[in-house]
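Report on the structure given below.
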Amino acid sequence: MQTLARVAIRHRWWVIGAWLAFIVIAQLAAGAVGGSAYKNVFTLPHTETQTVLDLLKSSGEGGQAGQSGTLVVHGTATSLRTASPPPKLIRALRGLCDDGDHVSVMRSPWGTVTCAADGSARFVSNLGRLQGPNTAATPLLSTDHRVGLVAIYWEVNENDVSNFTGVYDTLKTLDTDSVEYEFTGTAFANLAQRQQGIPPEVFGFIAALIVLALVFRTVGAAALPLLSAAAALGSGLALISLLSHVMNVATFAPQLSQLMVIGVGVDYALFIVTRHRRNLQRGLSVEESLVLAVNTSGRAVLFAGLTVCVAVLGLCALGVSFLYGVAVGTAVAVALTMIASLTLLPAVLSLLGRRVVPRRIRRAMQDPGYRPSEVTTRWARWSRFLSEHKLVPGIAAAALIVVLAIPFFSIRLGRADAASDPPGTTTRAGYELIAAAPGFGPGYNSTLELVVSGPGAAHPAYLAKVSRRLRKLPDVNATSILPVPLARDLSLITFKTDTAPQDAATTDLVKSLRSDFVPAIEQGSDNQVYVFGQTAVFVDFAHVLSTKMPLFFAAIIGLSFLLLMLAFRSLVIPLTAAAMNLFAAGASFGVVVAVFQWGWFSDALGIGKGGPIEPFLPVMFFAILFGLSMDYQVFLVSRMHEEWVHTGHNGRAVRVGQAETGGIITAAALIMIAVFGGFLLGNERTIKMFGLGLGGAIFIDAFILRTVLVPALMHAVGKWNWYYPAWLDRITPRVSVEPEDDGWSPTPGDEAEGSATSPASDTSHELPARGAH
């Protein structure tokens with residue numbers, strides 16, 4: 001680490017130039033291959049969903065598994081019950097055929113537009129049919145004639161987002177005072193992101209800059225952490241874009257990477273810059289100060305960064321390909337952030353010299369009698385108070401964590417529908433128009449399918465028998481059942497439910513169909529019947545992840561235990577860290593469930609009504625939180641461990657560690673909370689969940705766990721915090737966060753009143769049996 005720091009300092013212009021060149025080359029390469037190719041691809045081996053997808057693909061009917069969108073025509077001041085459609089609508093629909101949008105068919109109450117291969121359009125009118133009741137002949141018009149639906153089908157799959165938004169750009173211009181046009185359905189799901197204002201990452205940068213300015217009081221020191229994050233973003237997003245051409249990368253991966261880079265990038269740089277400023281105030285030269293900062297705080301950054309990467313890459317072990325690209329992309333972004341903090345940051349800091357320290361302190365440093373203050377009086381007082389009154393604060397903190405975690409135990413995994421989109425977005429407006437329209441209702445947005453495969457799959461008598469039995473089931477819309485033979489051995493029976501796609505009743509219906517209905521109708525035939533549709537897909541997705549979550553969590557916690565055990569030569573410290581990680585995850589996810597599933601404060605946050613939690617969120621969230629929590633655990637305990645090694649006093653070690661790191665940990669936490677909180681301002685529900693969950697987790701971790709519960713628990717455990725059997729010490733490798741020569745010296749002001757480091761009340765002089773240290 002010392003060599004790395006000296007190279008970065010002495011060849012700073014080469015380092016800065018290399019980073020600039022790397023960013024430019026990465027951006028040019030990403031542009032040369034045509035930009036990004038993000039897409040959401042699910043493969044769920046050994047599930048009904050995958051079986052159906054394989055059946056449809058092998059039969060040449062893969063398009064049945066594709067996506068469609070709905071144009072919602074709302075007559076605000078006129079009835080739509082007319083043989084003529086709203087002005088210019090059919091002309092606009094016909095125009096979509098030759099606009100390069102790959103639209104194949106558009107069904108409307110006024111007729112059907114079919115696109116030919118040469119771009120020409122054929123329109124078959126429904127003239128005269130709209131005068132009758134809303135029957136199967138006119139299923140696209142509400143009974144009050146105020147809402148009409150245009151079902152749009154594409155030749156391309158759901159990942160060709162640009163084509164879907166092109167249709168939106170064309171048709172949205174038809175809005176008039178008497179007729180409004182809204183869009184909903186999975187094809188238009190990404191429109192909410194286009195309708196947001198300033199990107200949330202901009203708010204994150206601004207908030208981080210404000211907090212850094214308050215902490216450092218100098219322009220250079222405040223801007224540098226953002227510089228390293230910006231460098232990682234500039235190169236990382238380009239590499240993730242390139243990665244999307246090699247493997248499937250989900251559409252939300254770039255935003256998640258931005259969230260992580262800004263958060264951890266500012267965090268890592270903050271720790272190094274803070275240590276560097278302290279070293280300068282102790283009288284070290286700029287180069288030696290930076291070398292020592294990289295050799296101490298830089299080691300913790302390296303340790304924490306690698307831990308985040310390993311934890312996130314552990315998602316690949318779940319066997320769900322949807323997460324592979326997200327995991328690799330996030331790990332690449334975090335790795336670049338870590339590298340920038342250890343190379344680019346020291347190089348630029350060396351250019352600033354002593355200007356990284358406020359001018360007032362620089363003038364004071366010229367006084368021969370200057371003595372730097374290592375510990376703020378506030379944190380010194382708090383650390384001493386906690387050492388003397390550990391029981392009540394510790395119990396109160398634990399009780400608060402338990403209360404916050406209660407909602408987590410009612411978590412329901414699934415896919416939220418457009419009712420959970422932000423108010424004011426076209427997808428939310430379109431969904432609500434359909435749900436409120438008589439003749440449609442919320443179940444109109446929920447389409448399920450029975451996929452029949454076998455020698456008698458297309459036999460009319462068998463399809464009729466299945467349809468009759470299906471009509472008798474609760475929550476099934478009996479008038480919506482439609483058998484669709486696809487081939488001699490393959491048929492679909494599509495139907496709608498009386499409940500919305502995200503409702504628990506719809507999920508229960510899917511499970512009931514699979515466990516009770518399907519086995520009954522398969523008896524006496526050679527056919528196999530599968531349940532398919534959006535809700536069914538996410539039931540399978542949730543099941544796959546739920547079965548693997550315990551093993552994944554155990555692996556992550558085990559990794560945490562092993563790394564901390566080796567780093568701090570202790571058994572209790574890693575056990576405490578594992579428990580704290582679980583506490584932070586449970587409490588913060590309890591907040592996510594209360595807001596996003598139960599709907600608490602949902603209007604204030606602009607997230608719509610409550611709905612299920614995305615199935616992949618718990619594992620992604622825990623992997624990321626594990627790494628972020630490790631940051632604070634390492635920085636807090638490493639300072640305690642440093643004091644323990646040199647003094648052998650547990651009480652003193654805990655007090656010094658908390659007093660000297662409490663300020664920087666809470667400052668870093670405020671920055672992360674501000675960055676993650678900025679993502680609540682976006683319109684992407686998944687990113688909002690990450691923003692609230694990670695922001696809440698950081699708050700709980702920094703202001704409850706590391707400030708109260710961890711120090712109180714370590715005071716209560718006493719000298720046993722550092723117990724490490726001699727036999728284990730002999731057989732385990734030494735992996736230390738601290739360098740052999742860490743520049744340790746007794747903290748100034750030990751005798752001052754209120755100092756955290758006064759050993760007067762320490763009673764932990766007797767050491768437990770432990771290995772050589």
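Exactly one residue among L226, L209, L239 is free of Cβ contacts under 8 Å to residues at least 40 places away in the same chain, surrounded by fewer than 23 Cβ atoms within 10 Å (Cβ to Cβ) and out of contact with any His (no Cβ under 9 Å at 6 or more places or on another chain), and that residue is L209. Take L55 and tell me if it is open to solvent by 60 Å² or more (accessible area, probe 1.4 Å) and part of a helix (DSSP H, G or I). Against the criterion (open to solvent by 60 Å² or more (accessible area, probe 1.4 Å) and part of a helix (DSSP H, G or I)), L55 does not qualify. A residue that is touching a strand residue (DSSP E or B) at 6+ places or on another chain (Cβ under 9 Å) and either modelled with pLDDT of 85 or more or assigned to a loop (DSSP other than H, G, I, E, B) (or both) occurs nowhere in segment 645-662. Is it fair to say T218 is farther than 30 Å from F42 by Cβ, polar (S, T, N, Q) and open to solvent by 10 Å² or more (accessible area, probe 1.4 Å)? Spelling it out, T218 is indeed farther than 30 Å from F42 by Cβ, polar (S, T, N, Q) and open to solvent by 10 Å² or more (accessible area, probe 1.4 Å). Within segment 550-569, identify whether any single residue is open to solvent by 10 Å² or more (accessible area, probe 1.4 Å), on the phi < 0 side of the Ramachandran plot, modelled with pLDDT under 90 and hydroxyl-bearing (S, T, Y), and answer yes or no. For segment 550-569, residues open to solvent by 10 Å² or more (accessible area, probe 1.4 Å), on the phi < 0 side of the Ramachandran plot, modelled with pLDDT under 90 and hydroxyl-bearing (S, T, Y): absent. Out of all the residues in segment 295-302, is one or more charged (D, E, K, R) and open to solvent by 10 Å² or more (accessible area, probe 1.4 Å)? Taking every residue of segment 295-302 in turn, at least one turns out to be charged (D, E, K, R) and open to solvent by 10 Å² or more (accessible area, probe 1.4 Å). Applying the criterion of being surrounded by fewer than 20 Cβ atoms within 10 Å (Cβ to Cβ) and more than 20 Å from S446 (Cβ to Cβ) to the residues of segment 58-73, the residue that is modelled with the highest pLDDT is S58. Against the test of being assigned to a helix (DSSP H, G or I) and under 17 Å from F676 (Cα atoms), the options A584, A594, A567 yield a single qualifying residue, A584. Screening A604 on (1) aliphatic (A, V, I, L, M); (2) touching a helix residue (DSSP H, G or I) at 6+ places or on another chain (Cβ under 7 Å); (3) assigned to a helix (DSSP H, G or I) shows it passes everything except condition (2).
The number of residues in segment 108-159 that are open to solvent by 50 Å² or more (accessible area, probe 1.4 Å), at pLDDT 70 or above, part of a loop (DSSP other than H, G, I, E, B) and over 19 Å from H74 (Cα atoms) comes to 4. Only residues that are aliphatic (A, V, I, L, M), farther than 30 Å from S546 by Cα and assigned to a helix (DSSP H, G or I) were counted in segment 383-442, giving 10.
Residue-level check: of (1) open to solvent by less than 70 Å² (accessible area, probe 1.4 Å); (2) over 35 Å from the mean Cα position of the chain (by Cα); (3) at pLDDT 90 or above, F385 misses just (1). None of A405, A364 is open to solvent by less than 50 Å² (accessible area, probe 1.4 Å), free of Cβ contacts under 8 Å to residues at least 12 places away in the same chain and over 24 Å from G148 (Cα atoms) except A364.
Scanning segment 388-401 for residues that are open to solvent by 90 Å² or more (accessible area, probe 1.4 Å) and of a type in the set (A, V, I, L, M) turns up L391, V392, I395.
Residue count for segment 226-246, restricted to those that are among the polar types (S, T, N, Q) and over 28 Å from I272 (Cβ atoms): 2.
One line per residue, one yes/no per condition, for (1) without any contact (Cβ under 8 Å) to a residue 24 or more places away in the chain; (2) hydrophobic (A, V, I, L, M, F, W, C); (3) in a helix (DSSP H, G or I):
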residue: P501; (1), (2), (3): no, no, no
residue: T507; (1), (2), (3): no, no, yes
residue: L513; (1), (2), (3): no, yes, yes
residue: F517; (1), (2), (3): no, yes, yes
residue: I521; (1), (2), (3): no, yes, yes
residue: V529; (1), (2), (3): no, yes, no
residue: V544; (1), (2), (3): no, yes, yes
residue: I556; (1), (2), (3): no, yes, yes
residue: S560; (1), (2), (3): no, no, yes
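Scanning segment 679-689 for residues that are under 13 Å from the mean Cα position of the chain (by Cα) and in a helix (DSSP H, G or I) returns F679, L680, R685, T686, I687, K688, M689.
Condition check ((1) touching a Cys at 6+ places or on another chain (Cβ under 8 Å); (2) in a helix (DSSP H, G or I); (3) charged (D, E, K, R)) across all residues:
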| position | (1), (2), (3) |
| --- | --- |
| P225 | no, yes, no |
| S241 | no, yes, no |
| A250 | no, no, no |
| Q258 | no, yes, no |
| G263 | no, yes, no |
| D267 | no, yes, yes |
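Residue check: is V348 under 30 Å from R6 (Cα atoms) and open to solvent by less than 20 Å² (accessible area, probe 1.4 Å)? Taking the combined requirement at face value, the residue does not satisfy it.
Selection of segment 23-41 for residues being touching a helix residue (DSSP H, G or I) at 6+ places or on another chain (Cβ under 6 Å) and crowded, with 18+ Cβ neighbours inside 10 Å yields I23, A26, A30, S36.
Test T76 against the criterion of being touching a residue at least 60 places away in the same chain (Cβ under 8 Å), more than 28 Å from G119 (Cβ to Cβ) and in contact with a strand residue (DSSP E or B) (Cβ under 9 Å, 6 or more places away or on another chain), and give yes or no.
So T76 fits the description; yes.
Taking the conditions (1) closer than 19 Å to S59 by Cβ; (2) open to solvent by 30 Å² or more (accessible area, probe 1.4 Å); (3) aromatic (F, W, Y) in turn, Y462 satisfies each one other than (2). Cβ-Cβ distances below 6 Å connect the following pairs, each with a first residue in segment 332-347 that is more than 16 Å from E287 (Cβ to Cβ), a second residue that is of a type in the set (F, W, Y) and at pLDDT below 90, and a separation of six or more residues or different chains: S341/Y268.
Residue-level check: of (1) assigned to a strand (DSSP E or B); (2) at pLDDT 90 or above, L473 misses just (1). From the list S108, S36, S59, the one residue that fits, being of a type in the set (S, T, N, Q) and under 18 Å from Y168 (Cβ atoms), is S108.
The rows are residues; the columns are (1) touching a helix residue (DSSP H, G or I) at 6+ places or on another chain (Cβ under 9 Å); (2) in contact (Cβ under 8 Å) with a residue 24 or more places away in the chain; (3) closer than 26 Å to A229 by Cα; (4) among the small types (G, A, S).
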| residue | (1), (2), (3), (4) |
| --- | --- |
| G298 | yes, yes, yes, yes |
| C309 | yes, yes, yes, no |
| V312 | yes, yes, yes, no |
| R384 | yes, yes, no, no |
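The values are calculated or read from the model by the stated rules, or taken from the named source; none is laboratory data. All of these numbers come straight from a predicted model, not from anything done at the bench. We place every Cβ from the backbone using ideal geometry, glycine too, and count neighbours over all the protein chains shown. To get the accessible areas, we keep the full protein, side chains included, count just its heavy atoms, and leave off ligands, DNA and RNA. Shrake-Rupley method; radii C 1.70, N 1.55, O 1.52, S 1.80 Å.
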